[in-house]
Amino acid sequence: MPEISTKWTSGAVAAYRQPDTRMLAEVAAGLSAPQKELPPKYFYDHRGSELFEEITRLPEYYQTRTERTLLEAWMPALIPQLGTRSLIELGAGSAEKSRVILSAMRSNGTTGLYVPVDVSASFLTLTANRLRHEYPGLAVEPIVADITEDFSIPHALPRPALFAFLGGTIGNFYPPAAIRLLSRLRAAMSASDRFLMGVDLRKDIGRIEAAYNDSQGVTAAFNRNMLLVLNQELGSDFDPEGFAHRAFYEPVNHRIEMHLVSTAEQEVRVPGIGFIHFAQGESIRTEISCKHDQASVAELFGAAGLRIESWRPDPEMLFALVTGVRA
Ligand code: SAH
Ligand code: AVI
């Protein structure tokens, strides 16, 4: 397997979230753009990961339970068919659904290796410890990393390996960044490996918008958490209450956009950057969540040197699991 770079840190020890020059540069660039924008990875400190877990249990958020049902229906057959011996998962989070894959590996007699990769360091440690307890004999090697950067994966990966990217998180990347990420994955895959991805599908706009505007306000809290992360890491003085949650479907690019809208004219101090001016109603775009169909996934895969092997939507066409191989 090609080693791509050693920027990733092995073991859940180092966090990207030191007040580092990269974060400062990203925030400075994002907040000086005509449409202010921040990368969605900054939602995910420990609290952000917990809020995401709450989102997955909301009645409006159909994605997680639909993907789980698809995994439960397919993994017990797919894993023995592939003979999967290691699972490398990007953006693993709590790995709740990953357990469906790990259990299928166990039933198939391959205790193997699990490499969860995530930027949310302390949450990842918690996930890894829980899995070691639940799956005795499974080697769990967490990697704290920003998957938008180059990365390397342990060399002694038992093959065949399954690379997984669940939850529809691919949708949180602009297409060029998604293609870069998939291309790096493809370079790490051998011919016998597979890529398993979850994608949220294009559908009735009302249904999608409801999933990002839940009645309990959890998504709003998740959105505002990004400002708390910035305050914590950079010492800025954002008042989260001075920003309203807004999420809407943008049909041209088939994506949800999440924004934080300044409720009044205000200035926010960000040490190392200066004062950022917000007009009343001006927003920061905090996330896109692109919705797909089979053709749009085939396009992303094709551009990354992958091809679709199987495409499995649920009967309501809400969400799909797709497997890919090297083209
Ligand atoms: N896979 C889980 C969690 C999805 S939430 C599920 O399907 O439920 C998205 C996850 O990706 C979070 O755990 C978040 O911390 C992680 N993440 C987001 N951006 C990331 C980045 N740039 N690098 C690494 N992990 C990232
Ligand atoms: C992680 N990701 C796939 C979620 C999504 O639906 O785009 C993040 C999220 N944002 C708001 N709610 C959930």
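When the residues of segment 120-146 are narrowed to those that are surrounded by 22 or more Cβ atoms within 10 Å (Cβ to Cβ) and in a loop (DSSP other than H, G, I, E, B), which ends up farthest from ligand 2 (Cβ to nearest atom)?
Pro142
Of all the residues that make up segment 32-61, how many are aliphatic (A, V, I, L, M) and either within 26 Å of Glu149 (Cα to Cα) or modelled with pLDDT under 95 (or both)? Steps first, answer last, please.
Applying the first criterion (aliphatic (A, V, I, L, M)) to segment 32-61 yields 33, 38, 51, 55, 58.
Then keep just the ones that are either within 26 Å of Glu149 (Cα to Cα) or modelled with pLDDT under 95 (or both); that gives 33, 38, 51.
Count: 3.
Out of all the residues in segment 93-122, which are more than 13 Å from Leu196 (Cβ to Cβ), in contact (Cβ under 8 Å) with a residue 40 or more places away in the chain and of a type in the set (Gly, Ala, Ser)?
Gly93, Ser94, Gly112, Ser120, Ala121, Ser122
Which one of Ala156, Ala177 is within 14 Å of Lys41 (Cβ to Cβ) and without any contact (Cβ under 8 Å) to a residue 40 or more places away in the chain?
Values: Ala156 fails: within 14 Å of Lys41 (Cβ to Cβ).
Going through Ala156, Ala177 in turn, the sole match is Ala177.
Looking at segment 57-114 only, could you name the residues that are among the charged types (D, E, K, R) and either part of a helix (DSSP H, G or I) or closer than 22 Å to Leu185 by Cα (or both)?
We begin by selecting, within segment 57-114, every residue among the charged types (D, E, K, R); these are 57, 60, 65, 67-68, 72, 85, 89, 96-97, 99, 106.
Selection gives Arg65, Glu67, Arg68, Glu72, Arg85, Glu89, Lys97, Arg99, Arg106.
Which residue pairs have Cβ atoms under 8 Å apart, sit 6 or more places apart or on different chains, and have a first residue in segment 133-153 that is of a type in the set (Phe, Trp, Tyr) and a second that is surrounded by fewer than 21 Cβ atoms within 10 Å (Cβ to Cβ) and part of a loop (DSSP other than H, G, I, E, B)?
Tyr135/Thr111; Phe151/Ile4; Phe151/Ser5; Phe151/Lys7; Phe151/Trp8
Considering only residues that are more than 16 Å from the chain's Cα centre (by Cα) and either within 11 Å of ligand 1 (Cβ to nearest atom) or crowded, with 18+ Cβ neighbours inside 10 Å (or both), which ones fall in segment 31-56?
Of segment 31-56, the ones more than 16 Å from the chain's Cα centre (by Cα) are 31-37.
Matches in segment 31-56: Leu31, Lys36, Glu37.
What is the residue count in segment 233-274 for residues that are part of a helix (DSSP H, G or I) and surrounded by 14 or more Cβ atoms within 10 Å (Cβ to Cβ)?
Of the residues in segment 233-274, the ones part of a helix (DSSP H, G or I) are 233-234, 240-242.
The next check asks that each one be surrounded by 14 or more Cβ atoms within 10 Å (Cβ to Cβ); those that pass are 233-234, 240, 242.
Going through segment 233-274 one residue at a time, the tally reaches 4.
Within segment 181-194, does at least one residue satisfy the condition of being at pLDDT 95 or above, of a type outside the set (S, T, N, Q) and within 12 Å of ligand 2 (Cβ to nearest atom)?
no
How many residues are touching a Lys or Arg at 6+ places or on another chain (Cβ under 9 Å) and in a helix (DSSP H, G or I) when one looks only at segment 173-217? Talk me through it step by step, then tell me what you get.
As a first pass, look at segment 173-217 and keep what is touching a Lys or Arg at 6+ places or on another chain (Cβ under 9 Å): 173, 186, 189-193, 195, 198-203, 208, 213.
From what is left, the residues that are in a helix (DSSP H, G or I) are 186, 208.
Adding up the residues that qualify gives 2.
Considering Thr69, Thr84, Thr64, which residue is more than 16 Å from ligand 2 (Cβ to nearest atom), at pLDDT 95 or above and within 17 Å of Pro313 (Cα to Cα)? Step through it out loud before you land on a result.
Details: Thr84 fails: within 17 Å of Pro313 (Cα to Cα); Thr64 fails: more than 16 Å from ligand 2 (Cβ to nearest atom).
It is Thr69.
Given the options Phe151, Phe163, name the one that is at pLDDT below 95, in contact with a helix residue (DSSP H, G or I) (Cβ under 8 Å, 6 or more places away or on another chain), away from ligand 2 (no atom under 16 Å from the Cβ) and not basic (Lys, Arg). I'd like the intermediate steps shown before the answer.
Numbers: Phe163 fails: at pLDDT below 95.
The conditions single out Phe151.
Within segment 120-177, restricting attention to residues that are within 11 Å of ligand 1 (Cβ to nearest atom) and of a type in the set (Asp, Glu), which residue is farthest from the chain's Cα centre (by Cα)?
Step by step, filter segment 120-177, then rank; the result is Glu149.
Condition first: closer than 19 Å to Glu60 by Cβ, at pLDDT 95 or above, within 16 Å of ligand 2 (Cβ to nearest atom) and of a type outside the set (Val, Ile, Thr). Can you find one or more residues in segment 268-286 that meet it?
No, there is no match, as no residue in segment 268-286 is closer than 19 Å to Glu60 by Cβ, at pLDDT 95 or above, within 16 Å of ligand 2 (Cβ to nearest atom) and of a type outside the set (Val, Ile, Thr).
Could you check segment 77-94 and list, in sequence order, the residues that are more than 16 Å from ligand 1 (Cβ to nearest atom) and buried (at least 22 other Cβ atoms within 10 Å of the Cβ)?
If we filter segment 77-94 for residues that are more than 16 Å from ligand 1 (Cβ to nearest atom), which is where we start, we get 77-86.
Scanning segment 77-94 gives Ile79, Thr84, Ser86.
Hey, Tyr62 hits all of (1) touching a residue at least 40 places away in the same chain (Cβ under 8 Å); (2) more than 10 Å from ligand 1 (Cβ to nearest atom); (3) crowded, with 20+ Cβ neighbours inside 10 Å; (4) not basic (Lys, Arg) but one; which does it fall short on?
(3)
Which condition number in (1) surrounded by fewer than 21 Cβ atoms within 10 Å (Cβ to Cβ); (2) in contact (Cβ under 8 Å) with a residue 60 or more places away in the chain; (3) under 19 Å from the mean Cα position of the chain (by Cα); (4) over 22 Å from Glu50 (Cα atoms) is the one that Val218 fails?
(4)
The values are calculated or read from the model by the stated rules, or taken from the named source; none is laboratory data. Because the structure is predicted, anything quoted here is derived from the model rather than measured. Here Cβ is always computed from backbone atoms with ideal geometry, including for glycine, and neighbour counts include all displayed protein chains.
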